[in-house]
Amino acid sequence: MKSFCHLLFSAFLLIQATFISAQNYRVLQPERTTMFRSENGNILGMRVDSVRNDGNDTVFYLLKNLQQVDYECYHLDGPSWMGDRITIKPNGETIFYNLNQEGILIKTLAVSGESWVCYSTPSLLFTAKVDSTRLSDFLGLTDSVRYISFQAQNGDGQNISHYINAKRIAISKNYGLTRTLNFFNFPDIEFGFVLYSVQEMNLIGFNNPQTGGQNLTWKKVHDHSIGDELHCISENGSMNSQSETDEIMLLLDKSIVGDTVFNVWERKIKRMVYESGNQSFTASIDTVTRVITSKPEFDKLPGVAYDMNILRFGDYSTHSMYQSEIALIKDDNDLGYFVQGWSGNCYVSGIFDGCSPPYIYYEGLGGPYYYCTFFGFDYTKRRLVYYRKDGVEWGTPLDFTVNTTLKPIEAEPELITIFPNPSVGTVNIEFKGNTGEYILRITDTSGRQAGIFFLKGESNSIDLSNLNRGIYQLEFITDHQTLSRKLAKW
């Protein structure tokens, strides 16, 4: 019996060792989302959406992208920038596929100096060669990395010049690709007069475990700390009028309830308007509460199609993501690049006549920020000129004073009716002129949060019987303002 158990244990170790060995220099880790930066600075994501076995081969189907697949033909669920799938054979041979479903063969277990034909057509072929395998550092990690280069040849097998000759890929023994190519365009996909070149894509991060750069999400955009300052200038103009609004935002308070974040800002505003030779000036100070919830459309990986949710039906675009001198940036609602429905299964490039810039958002610095001009007359801009965040400063601060006393924006008496007040339990709220949704936040006299309610329409009833006796502040938070009232609880 002891001998039998020993044999079973030995067999298990052998199977485990064989499995681990099969994972060495594998180009991907199916359980991870990886982030890559291209030569032009664009950051794109990659993940495996599904897996199937094809005999002894394993086929990994990759993240779907909004992808151009022919001249004036886009698919919302088209192939990713790396292709629509990767086939991995038991001997480590890995096949990527371009737009034309032509295979590009990478031998992940080849030794240094080994070469092979990785791509071939009657007039063009490429050989791949393992230049070296050595310890390398990336993302704070150290691992054995295999470097593979390419050489173009003509139909006669003679070496020729090609821009891909200067590119390499790199495969880490335990972490997958640390440098790759956008194989969907390999070696050079052309639509009309537009040539989509192959670029090196360098690994900048992955999850599971979280390492290096990650996808920029809505929550990360609005990840502020108490004491953060944001200074912005907004400008709008046409042939007859111009306006400028200077805004200083200081975060006074932050609270989190479940998946919802409440940021309370002190807001100082200076507004100047020039119209038909006349100039006016106003300044104000108040507090506003920004409510941050999840935004799944924004959180999608760059390159993935999302519904732009504008007035027209069926307009889709993708997010762009890149690193600026200020912070990591992601954009939203770019009418400069979007597609719209057409007959058949193709989407075509959208047409928009007007000034509608992409809204960009900075990690930890909010947004939207934008810049757009139209025929040199109409323009709209909003830019971040200064921030102070977690002890770090950037830019030039705005400097103006507002000669008013800081206080919340008070509701007009006829706008909100709360009864009975004082109350012993149920409270009725009449919110005139509001047919949408809004949030009611209740705090006690010390500023502690006592309740959150999501209300809709003009008439609502809420049960406050669980509150202690005392005076409470009620903040009604809409998309554009925060209205405050008092309530006595007996």
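Side notes on the structure shown:
- Strands (runs of 3 or more DSSP E) within the range 139-209 that include 3 or more residues farther than 22 Å from N98 by Cβ: 141-154, 200-206
- Of S280, S241, S284, all but one fail to be without any contact (Cβ under 8 Å) to a residue 12 or more places away in the chain and of a type in the set (G, A, S); the exception is S280.
- Taking the conditions (1) more than 30 Å from Y337 (Cβ to Cβ); (2) surrounded by 14 or more Cβ atoms within 10 Å (Cβ to Cβ); (3) free of Cβ contacts under 8 Å to residues at least 40 places away in the same chain in turn, K300 satisfies each one other than (1).
- Residue match in the range 54-62 (condition: among the hydrophobic types (A, V, I, L, M, F, W, C) and surrounded by 18 or more Cβ atoms within 10 Å (Cβ to Cβ)): yes
- So L398, is it within 30 Å of E235 (Cβ to Cβ), at pLDDT 85 or above and not basic (K, R): yes
- G176 being open to solvent by less than 30 Å² (accessible area, probe 1.4 Å) and in contact with a Leu (Cβ under 6 Å, 6 or more places away or on another chain): yes
- Residue, farthest from D259 (Cα to Cα), within the range 454-490, restricted to residues that are in a strand (DSSP E or B) and among the hydroxyl-bearing types (S, T, Y): S459
- Test for S197: is it out of contact with any helix residue (DSSP H, G or I) (no Cβ under 8 Å at 6 or more places or on another chain) and small (G, A, S): no
- Among residues of the range 39-66 that are aromatic (F, W, Y), those with a Cβ under 8 angstrom from a residue that is open to solvent by less than 60 Å² (accessible area, probe 1.4 Å) and part of a loop (DSSP other than H, G, I, E, B), sequence gap 6+ or separate chain, pair up as F60/L28; F60/P30; Y61/D84.
Okay, residues lined up against (1) assigned to a strand (DSSP E or B); (2) free of Cβ contacts under 8 Å to residues at least 60 places away in the same chain; (3) open to solvent by less than 20 Å² (accessible area, probe 1.4 Å); (4) not small (G, A, S):
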{"residue": "L76", "(1), (2), (3), (4)": "yes, no, no, yes"}
{"residue": "I95", "(1), (2), (3), (4)": "yes, yes, no, yes"}
{"residue": "I106", "(1), (2), (3), (4)": "yes, no, yes, yes"}
{"residue": "L109", "(1), (2), (3), (4)": "no, no, no, yes"}
{"residue": "G113", "(1), (2), (3), (4)": "no, yes, no, no"}
{"residue": "W116", "(1), (2), (3), (4)": "yes, yes, yes, yes"}
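- Only residues that are out of contact with any Cys (no Cβ under 9 Å at 6 or more places or on another chain) and either of a type outside the set (S, T, Y) or part of a strand (DSSP E or B) (or both) were counted in the range 57-74, giving 12.
- Qualifying residues in the range 120-141 (those that are surrounded by 11 or more Cβ atoms within 10 Å (Cβ to Cβ) and touching a residue at least 40 places away in the same chain (Cβ under 8 Å)) - the one farthest from A166 (Cα to Cα): L141
- Taking the range 431-453 as the range and being outside any strand (DSSP E or B) and either β-branched (V, I, T) or exposed (fewer than 14 other Cβ atoms within 10 Å of the Cβ) (or both) as the test, the residues that pass are K432, G433, T435, G436, T445, S446, G447, R448.
The values are calculated or read from the model by the stated rules, or taken from the named source; none is laboratory data. Worth saying up front: this structure is predicted, and the values here are computed from it rather than measured. Cβ atoms come from the backbone with ideal geometry, glycine included; neighbour counts cover every protein chain shown. Heavy atoms of the whole protein, side chains included, go into the accessibility calculation; ligands, DNA and RNA do not. Shrake-Rupley method; radii C 1.70, N 1.55, O 1.52, S 1.80 Å.
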